[in-house]
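A short reminder: the numbers here are calculations on the coordinates, not readings from a lab. Worth saying up front: this structure is predicted, and the values here are computed from it rather than measured. Counting neighbours? That spans all protein chains shown, and the Cβs are built from the backbone with ideal geometry, glycine included.
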Amino acid sequence: MPKLRVFLADDHPVVRGGLAALLDAQPDMEVVGQAADGATAVRDVAATCPEVVVMDVSMPGLGGAEATERIRRDCPAVRVLALTAHEDRGYLRLLLKAGASG
C-alpha cells in the first residue's frame, strides 16, 4: 500500500520531531522531509514531491504564507496544511489566502 508522503515545516525542532514520530508511526504515512524555515521548505518540497506539507505560520526568514504561495505555485498538486499555536486567526487566514487547504 502506498504511503502518504508528508513534509514538515516548523522552526521548533521539538515540534518537528514530535510530529515526525507520530506520523512515521502510522502504517500509511511517512515523513519525507523537514525544514526549519520557509526558504528551505520551498527548496526541499520541490525535491521530495510530498503529497502534503504541514506548514508553520511563523518561521524565520521566509514565513509560512510566503512559502505556501511559492510551493503552491511551483508544485500545484501539493496540499498545504496550516499549523499554528497563535490564537489570532489572522495568521491562519494568511496561510489560507496563500493557498493552504486547511
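Where does the longest stretch of the chain lie that holds no GluC sites (Glu not before Pro) found in a DSSP loop with 16 or fewer other Cβ atoms within 10 Å? Longest gap between qualifying sites, sites excluded: 1-50.
Over all Cα atoms in the stretch 53-100, the spread is summed up by Rg and Dmax: 9.8, 30 Å.
Once you wrap a convex hull around the alpha carbon atoms of the stretch 21-74, what is its projected area averaged over all directions, in nm²? Please list the in-between numbers first.
Working: hull surface 14.8 nm².
With every direction weighted equally, the projected area is 3.7 nm².
Projected onto its three principal axes, the C-alpha set of the chain covers 37, 28, 21 Å, listed from the longest axis down.
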